[in-house]
Amino acid sequence: MPPSQGRLAARVGAGIMLTRVLGFVRERVFAHYFGAGVTADAFRAALKIPNVIRNLLGEGTLSASLIPVYAGMIERGESEKAQRLAGVIASVLVLLTAVLAFIGIALAPLITDFVVPGFSGERRALAITLVRIMFPMSGLLILSAWCLGILNTHRRFFLSYAAPALWNITQIATLITLGGVLVELDLVVALAWGALLGGLLQLLVQLPATLRLTGGVKWGLDLKAPGVRQVIGRWVPVVVGAGAYQISSIVDTQLASLLAQGAVAILGYAQLVAILPVSLFGVSVAAVALPELARDAVGAVGNDQQVLRARLGAGMQRIAFFALPSAVAFAALAPEIIGALFQTGAFGAAQTLIAAGALAAYSIGVPAQASVKLLASGHYALGDTKTPVRIAVVSVIVSAVSAFLLMRRFGPAGIALGASIAAYLNMSLNFGTLSAKVGRILESPERRAIVLAAAATVPAAFSGVGVAAALRDGPVWLAALLALAGFGAVYGVVTLLLGHPEAVKLWAALRRRSGHSTDS
């Protein structure tokens, strides 16, 4: 019997948590040396490019198109066809990434001017240099996404989501080793090379397990091989949809580059924190659900729709249980969280307050962003890659317009608030269109559970804010730690007392691990 969805999601979450914890360490060291000045802006802008391409052609997009087809072949016992499909897709990706790397290096000045039109002089020149160094990293991360798709289909989740930890480790090692030796401009160039090396290591650590599962790679560009055109046919619209999201991300960076110096870096710090619950809970649940939804959808007619609905409903309930308190905690304790994580060296109290405002604005959209991942997976599993694309395009337009209007009043926080508004529109439209296909996704038990989770965040927020206020004159890291601990403890106790299904399951799991019987 395969492991439960909750246990598989926990494996994804564990891998992501490892990566994110190291990511925060990386960012704290980065903040210590670069703060939110010219160098930090240039590095953030240069890193935006490979991240956009990775998100555009890898991870979610490749998984959404490859996993349903590949999983379907595995489910039907067509192992040889699956191996051939994996080889052709890998070959296409190698060719594609090589071409992209050449183009990126050659056109670095044009790319930089497009992404950050507000940059000039030293910031622009440095950003161009960093783009040329880090652009090939996008190809490595796309190939890493191919490994992720194969591993996830075979229910191997931890390795693929923990592998990016190596990307963080190489950058941390670069900064710690060279931070006291090199001047700031030389250090940021060395950091770019460290990021490129980390991308290579992230790919290499996944290859052995991936190759064992596929029985090796049969290289070739036979686009007529079984399933290849189906994957590419699904991939193109998903890429277009992801392109809409990435356009939104680029627009946010473009707008930030027009604000005061440091705005691009400030948004980067806030996004890193805000994306944590989306990755831990939204991505983990969606990543586990997609292969299973794809298996459910093989010939999904009649009663099979009930299986899809149940899996989607359970996923939304689980996401809400974790994403809602995360959003409220980030909004209520933003200054303490940002201060504890990044306020060191060149990152001072003024930068903390600006980044905290952006984090609070981003936190509003966290539950919606986390849910969209699962809802889009429902469409993908049913073979519909076009509906999420149309919705994404509408959401991008709303995000860009909202961000432009709001940034004039609220600065970086206005850009973040525009993204949150669009996230709820995206979630609502995906939920409505998917419900029209499979029927009611949230039955009464799931709706009640979501309401209970939302209600429990209220006393939890009062607890967290109260602790933070009491410790305001002490070390910021201690105030953040104890405030978050108080928030989490109250939320856990209240949801358990209210009988929330996820709280009951979590408590039972904790008792089992501590050696107590749940049957007594």
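One table, with the values for the structure above:
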item: Test: W193 is of a type in the set (F, W, Y) and under 29 Å from the mean Cα position of the chain (by Cα); result: yes
item: Members of the stretch 153-162 that are under 16 Å from the mean Cα position of the chain (by Cα) and either crowded, with 24+ Cβ neighbours inside 10 Å or outside the structural domain of S279 (by TED's automatic domain parsing) (or both); result: F157, S160, Y161
item: Within the stretch 485-502, considering residues that are crowded, with 20+ Cβ neighbours inside 10 Å and among the hydrophobic types (A, V, I, L, M, F, W, C), the one nearest to G348 (Cα to Cα); result: F487
item: Test: residue in the stretch 38-52 that is at pLDDT below 70, within 14 Å of the chain's Cα centre (by Cα) and more than 30 Å from G180 (Cα to Cα); result: no
item: Only listed residue being more than 27 Å from A263 (Cβ to Cβ) and surrounded by fewer than 24 Cβ atoms within 10 Å (Cβ to Cβ), chosen from P136, P109; result: P136
item: Residue match in the stretch 63-73 (condition: in a helix (DSSP H, G or I), on the phi > 0 side of the Ramachandran plot and at pLDDT below 80); result: no
item: Members of the stretch 244-277 found to be among the small types (G, A, S) and under 14 Å from the mean Cα position of the chain (by Cα), listed by number; result: S249, G268, A270, A274
item: Residue in the stretch 291-303 that is under 17 Å from the mean Cα position of the chain (by Cα) and either on the phi > 0 side of the Ramachandran plot or at pLDDT 65 or above (or both) present; result: no
item: Any hit, the stretch 325-340, residues being closer than 27 Å to R409 by Cβ, in contact (Cβ under 8 Å) with a residue 40 or more places away in the chain and not in a helix (DSSP H, G or I); result: yes
item: Selection count, the stretch 442-499, where residues are among the acidic types (D, E) and touching a residue at least 24 places away in the same chain (Cβ under 8 Å); result: 2
item: Residues located in the stretch 431-465, provided they are assigned to a helix (DSSP H, G or I), in contact with a Gly (Cβ under 8 Å, 6 or more places away or on another chain) and either among the acidic types (D, E) or within 13 Å of A368 (Cα to Cα) (or both); result: E446
item: Any hit, the stretch 215-226, residues being assigned to a helix (DSSP H, G or I) and either of a type outside the set (S, T, Y) or assigned by TED's automatic domain parsing to the domain that holds L130 (or both); result: no
item: Any hit, the stretch 175-192, residues being over 30 Å from Q261 (Cβ atoms) and either crowded, with 22+ Cβ neighbours inside 10 Å or touching a helix residue (DSSP H, G or I) at 6+ places or on another chain (Cβ under 6 Å) (or both); result: no
item: Hey, L22 surrounded by fewer than 24 Cβ atoms within 10 Å (Cβ to Cβ) and modelled with pLDDT of 85 or more or not; result: yes
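Per-residue answers, yes or no, for (1) part of a helix (DSSP H, G or I); (2) closer than 19 Å to L324 by Cα; (3) more than 26 Å from the chain's Cα centre (by Cα):
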position	(1), (2), (3)
A469	yes, no, yes
G474	no, no, yes
F487	yes, yes, no
G492	yes, yes, no
L496	yes, yes, yes
E502	yes, yes, no
L506	yes, yes, no
R511	yes, no, yes
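The values are calculated or read from the model by the stated rules, or taken from the named source; none is laboratory data. Source: prediction; values computed, not measured. Reconstructed Cβ throughout: ideal geometry from the backbone, glycine too, with neighbour counts over all protein chains shown.
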